[in-house]
């Protein structure tokens, strides 16, 4: 505006280029500022319109208000603004009509015609692309105003309008019925048909925020190995792309009404890794038993949530989980708790008592700040920098791997700032170490090996990227649902590549180099295997690390005192307890360097059994046994309800007989049919009662006021 008022055409041109570049940069970064601008009525289309108005103002201040170029600019921008309405309407219609009521993986919906998605270039960030077509008009009119060559302005304006019109025309073919997804009712009918054919018996039900995908991912391998026919049910579309690769069928059903109408009559066990409000949409189903399995085993309050009363059973890793509920006294009955171990911990390697590299590696894995300001939530705020600083200053050198929780900083700016400072500390320390002669010599000696590992990572990443693309590139979620079917050969190759990737990752940098690890890869358990000791907080990370048998330390950030801290938190009873100054770290480092100085080794072995259960039978065997037992309970409940319904129907007099001689002649054919059950399946229990029995069971449960959990 300042350039327009002066007027200074070259200043205006430079400012216009700067604003175009800034808008593009903010959108590329997904900046939060974009959202804030929209909230204060400075959204995308308004910003472009204002820029165009400033150009009109510039022309007026240059004395061109009576010239054809001025009228051309005004008319061009008005028409162009008018073209944005049909373009926006068409793109919105295409997106809406290509949005399926469910998103699927490994589900064969062959009966539903799902056409290919429109080219991504047409729909991806379509509003931005349409608006940026005004660049031709802006550039042409500016050049014309500066040189007096009006024809350049006319050409620029015409090109903008032509491109806008062509964009709309290019979208029109994709509005045809043959290019859109069938109506929701058709898709849901196909899903129900598939469910009746597949007959799922065990369901993993997952809902949560965008940051909570790890809570579902940690159960994928267990679900792939569970007995019966597993099914994963999700609720948020945005979590589906974050779901790790799995051969288990996946149904993402965002709408509660659609979920409640799905035919899940064959399912007998439903597993919940998180306590969230949307659980109620499937907890209402009485024909299956409901189990809280959680997403970790720790002494946090979340592990004894009173909400857990709603489930038929609560499965814990070991005896500690059972005792935790008893002490909390939140209404979860002891007979409803089942110890099943932690099947996910199988990849964790047991400690041999020797350091894996010439110098020890210490993993610092703090948890996040939590939803309140309790100082005991995380060590990051009060002790994090002290921990890292003392490890860096240790008498004998150690390597630090820093892996912050994925939620770190989402609520607390201070936690986010501390996290950034720790990353900077490690980066600086790594650079200083690289300059020291000892490490520089080692780096030179291993340069070829590390270079080869880095090249291997590039190759593996490229191949994994190829395997991740199922079907053609650029497909939307509807097309991906059509083509995302299980491929055992592809899954086996991907598993081998991921194992090779993990091995190459740790070889790609020196065993002396400090490292910050974020993101999904390498996994937390891979960091466990690479480290010789760990420092962490009260979280499931500690309980899982205990499976390794390695020394560990936990920070008493709330300053309860070592004895009280151990009394309140089972998982720290075999830990080195750190104060916020972290001065006790020498005890941890001594235990790592010399097994004879490891006074807590025996306590760790006892605590492992208490927290995680026995080594035999394996956790997976315990888990499957629990699934079988609960499925049998569900079958018994369903058969009992069907029988009770049959008894009630038999007791009702036949209306015609009652109207005649008063003799009851009602036939029990319907109740007998309702009470029938299917043949036992591979799990050793009936997979499903006929639909009549299921409907009768639901009706009886509602009539008698039965809750889904009891």
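The values are calculated or read from the model by the stated rules, or taken from the named source; none is laboratory data. These numbers were taken from a predicted model, which means no experiment stands behind them. Ideal geometry is used to build each Cβ from the backbone, glycine not excepted, and the neighbour counts take in all protein chains shown.
Data table
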item: Qualifying positions in the stretch 412-422 - exposed (fewer than 15 other Cβ atoms within 10 Å of the Cβ) and touching a residue at least 24 places away in the same chain (Cβ under 8 Å); result: 414, 421
item: Hits in the stretch 109-150 (condition: part of a helix (DSSP H, G or I) and within 29 Å of the chain's Cα centre (by Cα)); result: 120, 121, 122, 123, 126, 127, 128
item: Hits in the stretch 98-108 - residues which are part of a loop (DSSP other than H, G, I, E, B) and crowded, with 21+ Cβ neighbours inside 10 Å; result: 100, 102, 107
item: Flag if residue 291 is free of Cβ contacts under 8 Å to residues at least 40 places away in the same chain and in a strand (DSSP E or B); result: no
item: Among the residues listed as 309, 349, 278, the single one being part of a loop (DSSP other than H, G, I, E, B) and farther than 17 Å from residue 539 by Cα; result: 349
item: Those residues of the stretch 423-440 which are part of a helix (DSSP H, G or I), closer than 20 Å to residue 515 by Cβ and free of Cβ contacts under 8 Å to residues at least 40 places away in the same chain, in sequence order; result: 424, 428, 431, 432, 435, 438, 440
item: Test for residue 452: is it surrounded by fewer than 15 Cβ atoms within 10 Å (Cβ to Cβ) and outside the structural domain of residue 366 (by TED's automatic domain parsing); result: yes
item: Meets criteria (surrounded by fewer than 18 Cβ atoms within 10 Å (Cβ to Cβ) and either touching a residue at least 24 places away in the same chain (Cβ under 8 Å) or assigned by TED's automatic domain parsing to the domain that holds residue 136 (or both)) for residue 94; result: no
item: Complete set of residues in the stretch 478-497 that are at pLDDT below 80 and either on the phi > 0 side of the Ramachandran plot or assigned to a helix (DSSP H, G or I) (or both); result: 479, 482, 483
item: Pick from the stretch 388-418, criterion out of contact with any strand residue (DSSP E or B) (no Cβ under 9 Å at 6 or more places or on another chain) and assigned to a helix (DSSP H, G or I), ranking: nearest to residue 582 (Cα to Cα); result: 390
item: Single condition residue 132 does not satisfy, out of (1) within 27 Å of residue 46 (Cβ to Cβ); (2) crowded, with 18+ Cβ neighbours inside 10 Å; result: (2)
item: Test set (1) in contact with a strand residue (DSSP E or B) (Cβ under 7 Å, 6 or more places away or on another chain); (2) buried (at least 17 other Cβ atoms within 10 Å of the Cβ) - residue 254 fails condition number; result: (1)
item: Test: residue in the stretch 180-200 that is surrounded by fewer than 19 Cβ atoms within 10 Å (Cβ to Cβ) and under 23 Å from residue 293 (Cα atoms); result: yes
item: Residue pairs meeting the criteria (Cβ under 7 Å; at least 6 apart or on separate chains; first at negative phi and in contact (Cβ under 8 Å) with a residue 24 or more places away in the chain, in the stretch 151-180; second in a helix (DSSP H, G or I) and surrounded by fewer than 16 Cβ atoms within 10 Å (Cβ to Cβ)); result: 161/79; 168/86; 175/93; 179/173
